[in-house]
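> Structure incoming, see below.
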């Protein structure tokens with residue numbers, strides 16, 4: 001079974017807005033990145049309890065924490081991210097969620113590629129080991145301009161896979177990094193544990209998933225044929241809402257969607273994704 005979620009902060013900043021958007025789109029799960037003015041890694045426990053109660057009342061659960069862990073320079077102190085991870089461990093029982101999206105470090109200081117890779121892998125190993133102690137499961141996302149934006153580097157990162165370290169396949173980020181996304185999938189199919197449904201054109205303009213150059217339908221059909229199962233999240237990036245801007249998105253603003261109300265572009269993104277999944281025969285909930 002595929003479980004479908006979405007980054008609901010792209011619909012609105014408040015918990016109430018995000019619940020409303022998720023229910024309108026027919027979702028029973030969300031990925032929390034930011035909500036009620038807090039990034040998930042800084043959310044006070046009392047606020048988390050209030051949000052959890054609202055989610056419970058709405059019949060919505062949290063599939064994954066969309067943390068920014070790993071979105072610092074590779075030479076920054078990794079303890080910055082360890083502290084964030086420990087805070088998420090405190091939130092985990094409140095939200096009944098132990099899955100954490102992470103990244104694998106910028107190279108702002110321009111050290112050599114080899115040094116960058118080695119230090120990134122060292123940091124990721126440290127995070128994986130800490131996650132095991134904390135009972136968390138890390139999901140590494142490929143991201144443009146971060147170590148792991150190319151398939152060769154992701155293959156090395158995927159060697160860290162364990163019960164506490166898994167990988168996310170983001171179509172758009174590979175496309176914008178100049179990769180042939182289907183060839184990337186062929187290389188990583190047996191090392192992919194989750195999908196982010198995000199797409200863009202050859203001009204790096206974000207579009208609803210399946211309408212761009214990410215070869216999404218072809219890859220998802222192949223995943224179905226291989227009996228792939230796992231968590232899937234819609235990450236719209238159609239309008240440059242406050243939530244999207246805070247992620248430091250790359251690509252070109254698509255004027256067709258950029259001026260839509262965030263709740264509307266979110267709904268469009270989720271509905272398009274659901275139609276695609278249904279079209280290719282995915283069993284999801």
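> Connecting C-alpha atoms closer than 10 Å in a GNM of the chain, tell me which of 262, 177, 67 has the biggest fluctuation.
Comparing 262, 177, 67 in a Gaussian network model of the chain, the most mobile one is 177.
> Please identify which residues in the stretch 57-85 have an amide N closer than 17 Å to a label point set 7 Å out from the Cα of residue 1, following the Cα→Cβ vector.
Hits in the stretch 57-85 for residue 1 at 17 Å: 59-64.
> Fewest first, what order do 54, 108 take by the number of other Cβ atoms within 10 Å?
On the way: 54 15, 108 12.
Least crowded to most crowded, the residues run 108, 54.
> While we're looking at this one, here's another question. Report the full-extension gain for the segment residue 112 to residue 86: residue separation times 0.36 nm, less the Cα-Cα distance, to one decimal in nm.
6.3 nm
> For the stretch 89-105 and the stretch 265-285, what is the separation of their C-alpha centers, rounded to whole Å?
Using only Cα atoms, the two centres lie 25 Å from each other.
> Under 10 Å, Cα contacts only: if you run a Gaussian network model on the chain, which one of 236, 93, 68 comes out with the highest mean-square fluctuation?
Among 236, 93, 68, the largest GNM mean-square fluctuation belongs to 93.
> Relative to the present Cα-Cα distance, how much length would full extension add between residue 73 and residue 45 at 0.36 nm per residue of separation?
Extra length available between residue 73 and residue 45 comes to 7.3 nm.
> Give me the compactness ratio for the stretch 2-279, meaning the Cα radius of gyration over 2.2 N^0.38 Å.
Computed over Cα atoms of the stretch 2-279, the ratio equals 0.94.
> If packing is taken as the mean number of other Cβ atoms within 10 Å per residue, what is the order of 112-120, 162-170, 135-143, highest first? Intermediate values should be presented prior to the final figure.
Working: 112-120: 15.4, 162-170: 19.8, 135-143: 22.7.
Ranking, from highest mean packing down: 135-143, 162-170, 112-120.
> Do you know the relative contact order of the stretch 2-279, to the nearest whole percent, from alpha carbon pairs under 8 angstrom that are 6+ apart?
Dividing the mean separation by the residue count of the stretch 2-279 yields 19 percent.
> Hey, quick one: spin label on residue 28, modelled 7 Å out along Cα-Cβ, who in the stretch 62-86 has an amide N within reach, i.e. under 17 Å?
Flagged as within label range: 62-64.
> Given the C-alpha centroids of the stretch 1-79 and the stretch 188-218, what is the distance between them in whole angstrom?
Using only Cα atoms, the two centres lie 22 Å from each other.
> Using the number of other C-beta atoms within 10 angstrom as an exposure proxy, rank 81, 76, 199 with the fewest first.
Lowest count first: 76, 81, 199.
> Between residue 211 and residue 20, what FRET efficiency comes out of the Förster formula 1/(1 + (r/R0)^6) with R0 = 30 Å and r the beta carbon distance, rounded to 0.05?
For residue 20 and residue 211, the calculated efficiency is 0.70.
> Here's another thing I want to ask about it. What ranking of 207, 282 emerges when the number of other C-beta atoms within 10 Å of each C-beta is taken as an exposure proxy, fewest first?
So the ranking, lowest neighbour count to highest, is 282, 207.
> Given points 7 Å out from each Cα along the Cα-Cβ axis, report the residue 56 to residue 258 separation in nanometres with one decimal.
Label at residue 56, label at residue 258, 4.3 nm between them.
> For the chain, what does -39500 (n - 2.57) per DSSP helix run (n ≥ 4), summed and divided by total residues, give at 222 nm, in deg cm²/dmol to the nearest 500? Please list the in-between numbers first.
Numbers: 11 runs with 122 residues, N = 285.
Helix contribution divided over all residues of the chain: -13000 deg cm²/dmol.
> Okay, next question. Could you work out which residue, out of 187, 200, 265, moves most in a Gaussian network model of the chain, that is, has the largest mean-square fluctuation with Cα springs under 10 Å?
187
Values in this text are rule-based calculations from the coordinates and carry no lab data. The shown structure was predicted, so the numbers you read here are calculated from the model rather than taken from an experiment. Ideal geometry is used to build each Cβ from the backbone, glycine not excepted, and the neighbour counts take in all protein chains shown.
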